[in-house]
Every structure is written in C-alpha cells, then in structure tokens.
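The values are calculated or read from the model by the stated rules, or taken from the named source; none is laboratory data. Being a predicted model, the structure only gives us computed values, none of them experimental. Note: ideal-geometry Cβ built from the backbone for every residue, glycine included; neighbour counts use all protein chains shown. To get the accessible areas, we keep the full protein, side chains included, count just its heavy atoms, and leave off ligands, DNA and RNA. Shrake-Rupley method; radii C 1.70, N 1.55, O 1.52, S 1.80 Å.
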Amino acid sequence: MRRAAASLMLLLVAGCSRPAAVPSPSLRPLRVMSVNQCTDQIVLALLPPERIASVSWLSRDPAGSLMAPAAARVPVNHGQAEEVLAEAPDLVVAGSFTTPALRGMLKRIGWPMIEVDHASSFEDIRRTVRQVAAAVGEPARGEALIAGMDARLAQAARQAVRHPRVAAWDGSGFGAASGTLYDAVLTAAGASNVVREIGGYSYGRPDIETLLKLDPDLIVRGAAVRAGGSLGDEITNHRVVRERWKGRTLRIPQAYYVCGTPMIGDAVLKLQAEMAA
C-alpha cells in the first residue's frame, strides 16, 4: 500500500487538482472497475464483459458469488491503487465499508468513484442497484433487474402456505440476526426465524443448548462442514444435532445471502422449495 500511495502522490504533484491521468466523469463509462465482492455482482449483472475493466478476485469464488461464471470472463483485481492506475477505468465502484485506503486516495485525486452501502433489506437492494445502474448509464437495465427480483418475491409470497420455525445455525452460531438480509430471506420464504424469540441473538460460538431449547422445525446451514475445519464446524456437526434434525437440515449457499443483489429472489425461492421438500 505504501507503493500505491507513492504512485498516486506522483499523480498529485504532476499537475494541479486533477492530474491529466485522471479521467473525467462520464454519463456512460465504458471501462468500469469494481473493487468489492458485492458490487462486482451488480456490475456483472448490469454490463457486458467489454465494458468491465475488472472485478475483485473474490467474485470468482462460487461460495460467495452468484456471478462466478460471469466473473471468469473478465479480468480481476485485488483492490490495489496500482491496478487503478494500470487499468485506468472511467469509473471505480467500491463498497462503503471496504478498501478505505484506496477510496481515500481516489477521493483526494478526484478519480470518478461511487461508494455503495451494504444492503440489509430488499429495499436496500433496490436502492443500490439503482445507484450503480445510474452511475454506469444503464438505468433501464437496473429497473429490469429489480422487476425480476420483485416478481420472484411476489411468487414466494403467493406460495408461502406454512410457517415453519427455522434456525439458521452453523459455524458462526445463529447467523440470521433480526434486521439482516439473511433474516429477510427466511421471512420472505415463509419461515419464522427463531432468533427473534431470543432477542435477535446472532454471531458467536455455536450454542447447542440454546438450539435444543428453541427446538426449531428446521435448521438452515450455509457452507458445508469441511474436514479438519474449525471447532464451530465440529459443534454444528455434533451427533445430537445430526440425529435430532435428521432429514430436517437444509443447506443454502452463503452466496445467496451474503451480498445484497437482485438475484436474492432466487435465494428466497430456492429456500422455499427446500422447506417444502
């Protein structure tokens, strides 16, 4: 990062407030660079590969990205300032809680950039999609993505005929705290999140005693337990849990709820189908 700062300082001293190497803002940027796993997916859904300078390397991991196949067709970056200088994008799309050093330096030199907040609700997703779509000059495409998400949510609402008590429980403890996107997915799928019964208790060491006391109808888990994994994985794979909830444990990939993207409607329908089965 020191080398990155030095590179950008050279730009600052090379001219006045806006060095010649810094692009001017564009209504329809042709080279967009995303440096955040969640904004990556929105950019990939909005733009063809030829308009994407790069996305973050994390977007190629299917465990955390629903757009991994699309990400494989464009270059990747690691959120470094040198990469911004080398790629010279017309626009940088960043998360508001990530790459603070990079964002700070880009602000100082006036590089075209938008900062996208983390989405914790469906309304947040609508807002962030519209923000990115407007910045890349594709508002109609953004509205189409939102309409697709809303259609899937409406379908899930029509199909929700029962309300099983569900615990989202894995190596991080009870993961779907009140007010999170995960909680919104469970609710939209027609489930009753048992975390609400214990005051919104969330992340921490998995607690078998609390799970047994709550006695949910179903357990929803994220990533599969890995051999030689963490202590949390061992606890969630405990014999008592396996036997008590045999046939009543579902899996939904973390990619479906870790980022607020318009593909969230697919996550709701997937979970609803799993619960029905």
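So here's what we get for this one:
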{"item": "Dipole moment magnitude, nearest 20 debye, region 91-174 about Cα centre, only Lys, Arg, Asp, Glu C-beta charged", "result": "80"}
{"item": "Accessible area of region 39-168 belonging to carbon and sulfur atoms, whole % at 1.4 Å probe", "result": "58"}
{"item": "Amide H within-cut-off set for Asn77, under 5 Å, with H built and near neighbours excluded", "result": "Val55, Ser56, Trp57"}
{"item": "Normalised alpha carbon radius of gyration of the chain [divisor 2.2 N^0.38 Å]", "result": "1.14"}
{"item": "Label point distance in nm, Val76-Arg127, each placed 7 Å from Cα along Cα→Cβ", "result": "3.1"}
{"item": "Nearest-20 debye value, region 19-118 charge dipole, Cβ charges on Lys, Arg, Asp, Glu", "result": "140"}
{"item": "Accessible surface, the chain, averaged per residue in Å² (probe 1.4 Å)", "result": "47"}
{"item": "Those aspartates and glutamates that a straight Cα-Cα span of less than 19 Å connects to Lys270, excepting residues fewer than 8 apart in one chain", "result": "Asp150, Asp170, Asp183, Asp217"}
{"item": "Cα Rg, Dmax (largest Cα-Cα span) when computed across region 56-191, Å", "result": "17.9, 55"}
{"item": "Calculated from backbone phi, Karplus (6.51, -1.76, 1.60) coupling profile of region 30-46 in Hz, x at Gly/Pro", "result": "9, 9, 9, 10, 9, 10, 9, 4, 7, 5, 3, 5, 5, 4, 5, 6, 8"}
{"item": "Amide H within-cut-off set for Asn193, under 5 Å, with H built and near neighbours excluded", "result": "Val166"}
{"item": "Reach of Lys213 by Cα under 21 Å, taken over lysines that are not fewer than 8 positions away in the same chain", "result": "Lys246"}
{"item": "Region 105-111 - phi-based ³J(HN,Hα) in whole Hz, Karplus 6.51/-1.76/1.60, Gly and Pro as x", "result": "5, 5, 4, 5, 9, x, 6"}
{"item": "Difference of contour (0.36 nm per residue) and Cα-Cα distance, His238 to Ala101", "result": "45.1 nm"}
{"item": "Most mobile listed residue (Pro62, Pro262, Pro89) in the chain, GNM with C-alpha springs under 10 Å", "result": "Pro62"}
{"item": "Loop-located trypsin sites (Lys or Arg not before Pro) in region 157-214, at most 13 other Cβ atoms within 10 Å (DSSP)", "result": "Arg162"}
{"item": "In region 49-143, trypsin sites (Lys or Arg not before Pro) in a DSSP loop with at most 16 other beta-carbon atoms within 10 Å", "result": "Arg73"}
{"item": "Amide H partners (placed H, <5 Å) of Arg251, local residues excluded", "result": "Arg221"}
{"item": "Local electrostatic count at Val185 - Lys and Arg +1, Asp and Glu -1, tallied over other residues with Cβ under 11 Å", "result": "-1"}
